[in-house]
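What follows draws every value from the coordinates through simple rules; no lab data is involved. This structure is a prediction, so every number in the text was calculated from the model and none was measured. Cβ coordinates were reconstructed from backbone atoms using ideal geometry, including for glycine residues, and neighbour counts include every protein chain displayed.
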Amino acid sequence: MSKVQPRYQVSWFTILFVIVIGGLLCFATQHNAALYKAPVGQIIKVTNEKRIKQVDNFHNHDYSQKQILKVRVLNGQYRNKTLNVQNTFSASNAMDQAYRKNQQIFLAVQKKSDHKLQATITDLKRDTSIVFLSLLAISLLLLTMKFSGFMALLSVLLNGVLFFLAIKLDVLLQGTNVLEIFGVLAFGFAGLTLFLVLGKTKQMVVTFGATILGTLGSVLVTLIVLNLTHDQGLHFETMEYVTQSPKPVFIAETILGSLGAVMDESTDIISSLFAVHRETPDLTHRQLFLSGREIGKSIMGPLINVLFLIFMADTFAMMVLYLRNGDSWGYAFTMNMSLGMVQSLVSGIGIVLAIPAASWFASSLLKRGDRA
Amino acid sequence: MSTISVLVLILFVAMVLVGGLQGLKSFLSLVINFALIFMTVVLIGLNFPILGITLLNAVIILAVTIYLGDDDPLTTETAFYGSVLVMVLVVLLIIPMEHWAVVQGFGNENTEDLEGMSLLVGIKFLDVSIATTILSSLGAIAEAAIAISAGLGEILSQNPEIPVTRLFKDGMSVGRQIIGTTFNTLFFGFFGGFLGLFIWFERLNYTWGEFVNNKIFVSELLMILISFIGVILTIPVTTWVMELKVQRKRAKKIG
């Protein structure tokens, strides 16, 4: 199962370099307020008022509590001024939060008629935490995986850039061609990723073909099923963050969501088959096909579970809110989990279809007795 | 018939046709995991201790995914111990990170979906968010653990006398083969599902500053990074478990 051999090693020096730079970067985000246009403040003192008990219509017990925060502004025209800001939070913290000393926050500052400043909190500054976690992930990756880790990182980053550009394009076109854009993008994603992982090889071409076939197959199945069942039991209007017609966005999301997993499955099957062929070049097409199926079927279960758990867990906050708001299990499921369920099922179908596709592509391309 | 039941039927038939008995078992693991996930959220809704329920079900989900995903006893046992260890490590990272980033519950972008709902429901949403992050990383951890221990098992069966120190190198090289594609599975799995949100950011002209500090974006990025870290940790940890098992087995043989 050997893939591209590392062409050069990532040395210890590089890793140390990344960790030091990372530490500096984390430190920098603590002091980067000048980069932001919005006023950033640091909390220097917190005074909590009394808790007030709250009971809602569904007999949920909660409380609300006010806190007065003394904040020092770190940037802009109000720099070094101290302000008092009010914040209200609850025990559940669904949309609010209790602030702590030394946290940095974004503010909206207004000058009142009597020249006093009035400020409200718009959000917490989260860049340090996310930069820290990113650097932790990158350092661990380079530390354990060296060159392959670097390539994996590169492919994720390039895909991110591609994703970002496609979204710009979609907005530019007013969201009229979302399916076309992301359909084409899926080809781009697959091509780019496989090129980075496998290089410009026969193996890459085969894997690309199998990935496209698996994804295309699952999308066709979905479209047919959606048409035949008239979307029964699905509520596209419940999709979150929708600014354009929801159904095409949903299908585009489904294509992208399953693409990575289908690629994963195809890569594993085909690289194993190429390795098998190298060791025993005398296998017939049929034998190769069957051994591809054998490899594929042991991967498919865990792989479908990966996406399934991601899609389902993502709905937890909303599910809990529905359940606590007196909705039945069935209603909460339909409104929150059913679309994620469809996405899991579609990617599952894609993953399963990739098995015969990958086995067939690889077995028909690898000639018997050929020692390529 | 509803769309979901037709798709379930198609997936079931496809899995059995392609995978036979193994396909049936994999399908069963999906059904059980669904039941466990649903039970977890219902129990959280009923005010059960969130972390306790989540951790308990997380271990069961790992067991179900691994033991129904592969047959070989050496592979499954190693993968299970390895993934539980990694889960513990990941939880130890998730809890402080969630407290630091404060990304629980809902963001301003959810306002429309929350209309008419009571938000004062007396459930700690920070813990719900921890539960979400733990559960969403489990699949990737289980998958990587199976891949590593199956790869090592294969090497051991071909070369049973392989020195233990050599095994670690082999584990890392199996890891190198899976890491690229696993990362992409996670990347697309997470971000593909949030296409709508990204379009929203772009449409409403969010600045880079707003984008990088946005509650929902950071919560999503946090989940994806935690899963990445989980997968990375799985490689050495599972290899280490395999080493221990092999050492113990060999010691028994001699003694």
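Computed quantities for the displayed model
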read-out	value
Value at 222 nm in deg cm²/dmol, rounded to 500, when DSSP H runs of n ≥ 4 in chain A each add -39,500 (n - 2.57)	-20500 deg cm²/dmol
With Cα atoms, 0 to 90° folded angle of helix A:246-279 axis to chain A main axis	40 degrees
Trypsin sites (Lys or Arg not before Pro) within the range B:204-255: DSSP coil, no more than 15 neighbouring Cβ in 10 Å	none
Within a Gaussian network of chain A (alpha carbon springs, distance under 10 Å), most fluctuating of A:LYS247, A:LYS111, A:LYS125	A:LYS111
Extent along principal axes [Cα atoms of the range A:37-124; Å; largest to smallest]	47, 28, 22
Total charge dipole magnitude, the protein assembly as shown, about the Cα centre, Cβ charges on Lys, Arg, Asp, Glu only, Debye to nearest 20	1920 debye
Relative contact order [Cα under 8 Å, 6+ residues apart], chain B, whole percent	25 percent
Cβ neighbours within 10 Å from other chains - mean over A:185-194	2
Inter-part distance where the range A:316-372 and the range A:49-79 are each reduced to a Cα centre, Å	41 Å
Span-like helix ranges in chain B, DSSP H, alpha carbon extent 20 angstrom or more, Kyte mean at least -0.5	B:3-45, B:50-67, B:73-101, B:125-158, B:164-192, B:215-254
Spatial separation of Cα centroids for the range B:91-109 and the range A:263-315, in angstrom	35 Å
Relative contact order [Cα under 8 Å, 6+ residues apart], the range A:202-357, whole percent	44 percent
Using a Förster distance of 45 Å, the FRET efficiency for B:LEU114-A:LYS112 (Cβ separation, nearest 0.05)	0.90
Cα-based helix-to-principal-axis angle, A:285-313 vs chain A, degrees rounded to 10	10 degrees
Gaussian network model of chain B, Cα within-10 Å springs - most flexible of B:LEU114, B:LEU204, B:LEU89	B:LEU204
Computed helical MRE - 222 nm, chain B, DSSP H runs ≥ 4 contributing -39500 (n - 2.57), nearest 500	-29000 deg cm²/dmol
Normalised per residue, the volume of the convex hull around the Cα set of the range A:134-190 (Å³)	73 Å³
Residue among A:HIS235, A:VAL55, A:ALA313 farthest towards the positive dipole end of chain A, charges placed on Cβ	A:VAL55
Sparse-neighbour loop sites [chymotrypsin sites (Phe, Trp or Tyr not before Pro); the range A:275-372; at most 13 other C-beta within 10 Å; DSSP]	none
Of A:SER218, A:SER328, A:SER266, the one that fluctuates the most in a GNM where chain A has Cα springs shorter than 10 Å	A:SER328
Exposure proxy ranking, count of Cβ atoms within 10 Å, fewest first, for A:LEU141, A:LEU173	A:LEU173, A:LEU141
For the range B:143-221, the fraction of alpha-carbon pairs in successive 10 Å shells from zero, as %	15, 31, 18, 17, 13, 6, 0
Taking A:THR128, B:THR65, A:THR254 and counting other C-beta atoms within 10 Å, the order from fewest to most	A:THR128, A:THR254, B:THR65
Angle in degrees between helix A:12-30 and the longest Cα principal axis of chain A, rounded to the nearest 10	30 degrees
The protein assembly as shown: radius of gyration and largest Cα-Cα distance (Dmax), Å	25.1, 90
